[in-house]
Amino acid sequence: MSQKVTPFMGGLGRDVTSKFEITDDASVTVGDGTNGGNVAVGDNGVISFGAGNDLQIYHDVTNSYIKDAGTGSLFLQATNLILRSHGTTENYMRGIENGTVELYHNGIKKIETTATGVDVTGDVQGDGLIIDGTFDLGTL
């Protein structure tokens, strides 16, 4: 059984009772349930999950945050995980299921994991080098 939340939505100047619904199991439907609807939260408003507000999503006028404030870890799970610049196709990082992890600089792939190790495009700078195994400089 579900109930429309008329008092909560009242005062908006329109009939929105069919657009927002809370069922007995506490699930919330926004929109008609087929289009997903939208939830708008103003600057500094927080969407919280968990009994202790363990997971929070918010925007503070300047920056946006996904904050794991509880115990445990934050898991991002996807078949392929891509971190990309807003509004462009410039990648920061790509993780491909059962495959490579790629790191980018200015949209150009610089580091890629492979089945046998790591491929690096460009120069490698470090404070030292320790080689465990065979080392071959080839012909100099």
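Size estimate for region 80-120 follows the Kirkwood approach: the inverse of mean 1/r over distinct Cα pairs works out to 10.4 Å.
Please find the FRET efficiency linking GLN56 to THR113, where r is the Cβ-Cβ separation and R0 is fixed at 22 Å, and quote it to the nearest 0.05.
Once the sixth-power term is evaluated, E becomes 0.10.
Projecting label points 7 angstrom from Cα along Cα→Cβ for ARG84 and ILE96 puts them 1.5 nm apart.
Read-outs throughout are calculated quantities, based only on the coordinates presented, and are distinct from any laboratory measurement. It should be emphasised that the depicted structure is a prediction, and the values quoted were computed from it without experimental measurement. Methodologically, a virtual Cβ is constructed for each residue, glycine included, from the backbone with ideal geometry; neighbour enumeration extends over all protein chains shown.
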